[in-house]
Structures are given as C-alpha cells and as structure tokens.
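Written below as structure tokens is the structure these notes are about.
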Amino acid sequence: MDRKAVQLAPSILAADFARLGEQVAEAERAGANRIHIDVMDGHFVPNLSMGAPVVQSLRRVTRLPLEIHLMITDPDLFLDEFTQAGADSFLVHWEGNNNLSRTVLRVKALGKRVGVAINPATPAAVLEEVLQDVDQILVMTVNPGFGHQRFLHTTLPKIRRVRQMIDQIKPGCDLEVDGGIDATSAPRVLDAGANVLVAGSSVFGSADGVAAAIKRLRSPCAGC
Ligand code: DX5
Ligand code: ZN
C-alpha cells in the first residue's frame, strides 16, 4: 500500500464534545481526509450517540467530507435529514437490512457517496452482489457500538479477501476499517489492503495531541 494514498477518518465519538468544533478543526489542519460520525440508536447497537444536529454544526466549521456511519435499525428513515444537515457520504450496515440494495440506491439518488459496512462475524462473501454499486466497503475491526475497543486480529484475513474482491469487481472502491486502529494495528490493516483508516481514541485521546497522532498513523513505520 502506498502510504501517501492512505486516507485518515478521525471518529468524533472519542472527541471532547465540549470542544468539538475546535478538535475537528485541529484534525483538518493536521491532514485528516474526512470526518467519521458514528450514529447509534440504542437498538442496532447497545449505545446512543448523536444525530443530524451535530452534522449541521460541524458543516459550518470544516470543509472536510462528513461521513455518517449509521448504526441504526432503519437507516432509510434518516437519509434525508442527514443529507440536509450536510452529510457527504453514508456507511450502512449489511446486518439487519432486508433491503440493502434499496438503501444503497436511495443514498445514490441523493447524490451522496455510499458504503456498506460488515461486522466482524459477517463473511466477506455477502458483499459480492452489492460491491459494484458502492463507493466504499467498511470492514468493522471491532463489534460496533463503542469506541476504545481492542482491534480484532481475526478480521485481517477478511480484509485481504475484501481487497481481492474489490480489485476484481470494483477497482477504485475504498476499503475502510473501523475499530481499534492505532499505530500498532494500522500497518497490519494497510498491509492487508485497507486504504482508509477510521480512528477515534488513538486520535482524539492521544496524550501528545491530534496532530502527533495523525502523523503517527501515517508514518511509514507506524508501530515498528
Ligand atoms: C464503533 C465505531 C467506531 C469508533 C472507533 O462502533 O463505529 O467508529 O468510534 O473508535 P476507536 O478508534 O476508539 O476504536
Ligand atoms: Zn464508525
């Protein structure tokens, strides 16, 4: 993987919400490529997070693309609201969606980028039919719902498999990973074929600041 092509998507779930605008601006200055916004409804995952008003506020403080990771039971109901708030792309889960193709087409009809996310226990094979219609795939490297969890190494073979599928079926499709990404796991997922890293606690919880954390994740020898 060409390290220059690696995209970083800091997840604001780990940010200090009292200083959210400031922290996002800091991430932008430090070279982040997009901002990852985790939306949880307490049903799809056992946690609550944030909704469209947060997106609306962030839209005013950054020019970076805002990527919305929908961990909610009925994503179709909220696509319009997040789009009006300023969303640039949506990540929707394969799990629990009986009409995933419809959801994907709805996002595209709104003129936004779309990605499909799969949980650690979900095989890569489920992506085969939908891959040609999406702009990115998100492989969850933890079980969704919480930040600051340990990276699941068992997802590495799946990342390799998804990379092969993308190269065969949809070259140019982003392969993003989310959960437990830090200076140690980053080189492993990049080696497996990921090109977009979501990172929450390793960026916003970093003792030496957001800029140093982003630099570390991009470092050719991250984790060495
Ligand atoms: C987990 C979320 C992640 C989370 C990652 O359900 O989808 O985006 O914020 O946090 P870290 O990087 O701390 O594992
Ligand atoms: Zn996420």
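The values are calculated or read from the model by the stated rules, or taken from the named source; none is laboratory data. All figures in this text were calculated on a predicted structure; none of them were measured in a lab. Cβ coordinates were reconstructed from backbone atoms using ideal geometry, including for glycine residues, and neighbour counts include every protein chain displayed. Only protein heavy atoms, including side chains, enter the accessible area calculation; ligands, DNA and RNA are left aside. Shrake-Rupley method; radii C 1.70, N 1.55, O 1.52, S 1.80 Å.
Determine the relative contact order of segment 1-103: mean sequence separation of Cα pairs under 8 Å and six or more apart, normalised by residue count, in whole percent. Intermediate values should be presented prior to the final figure.
On the way: 146 pairs, mean separation 24.5, N = 103.
So the answer I get is 24 percent.
Once label points are set 7 Å from the Cα along Cα→Cβ at both ASN98 and GLU129, what is their separation, rounded to one decimal in nm?
Between ASN98 and GLU129, the label points sit 1.5 nm apart.
Work out from phi, with θ = phi - 60° and the Karplus expression 6.51 cos²θ - 1.76 cosθ + 1.60, the ³J(HN,Hα) of each residue of segment 145-154, listed in order in whole Hz, and give x for Gly and Pro.
Couplings: x, 9, x, 6, 9, 7, 4, 8, 4, 5 Hz.
Dipole magnitude of the chain about its Cα centre, charges +1 at Lys/Arg Cβ and -1 at Asp/Glu Cβ only, in debye to the nearest 20? Working shown, then result.
On the way: 23 positive and 25 negative charges, 124 e Å.
With Lys and Arg at +1 and Asp and Glu at -1, about 600 debye.
Under the rule of -39500 (n - 2.57) per DSSP H run of 4 or more residues, summed and divided by the residues of the chain, what mean residue ellipticity at 222 nm is obtained, to the nearest 500 deg cm²/dmol?
On the way: 8 runs with 70 residues, N = 224.
-8500 deg cm²/dmol, from helical runs alone.
Alpha carbon centre of segment 181-215 versus segment 119-166: separation in Å?
Answer, in whole Å: 17.
On the accessible surface of segment 43-161, probed at 1.4 Å, how many percent belong to carbon and sulfur atoms? Working shown, then result.
Details: 2940 of 5820 Å².
So the carbon and sulfur contribution to the accessible surface is 51 percent.
Output ³J(HN,Hα) for segment 35-44: one whole-Hz value per residue in order, computed from phi by the Karplus curve 6.51 cos²θ - 1.76 cosθ + 1.60 with θ = phi - 60°, and x for Gly and Pro.
Couplings: 10, 9, 10, 8, 10, 10, 10, x, 10, 5 Hz.
In terms of Cα to Cα distance under 16 Å, which aspartates and glutamates are near enough to LYS170, apart from those fewer than 8 places away along the same chain?
LYS170 reaches GLU128, GLU129, ASP133, ASP135.
Just ARG19, ARG29, ARG160 to compare: in a GNM of the chain, with alpha carbon springs under 10 Å, which one fluctuates most?
For the chain, modelled as a Gaussian network with Cα springs under 10 Å, the answer is ARG19.
Name the residue from ALA27, GLY147, THR122 whose Cα lies farthest towards the positive end of the charge dipole of the chain, charges +1 on Cβ of Lys and Arg and -1 on Cβ of Asp and Glu.
ALA27
Over the chain, what is the percentage of antiparallel beta bridges among all DSSP beta bridges, to the nearest 5?
Values: 1 of 33 bridges.
Just about 5 percent of them are antiparallel.
With the other protein chains left in place, how much accessible area per residue, in square angstrom, belongs to segment 6-102 at a 1.4 angstrom probe? Walk me through the intermediate numbers first.
Values: 4300 Å² over 97 residues.
Solvent-accessible surface per residue comes out at 44 Å².
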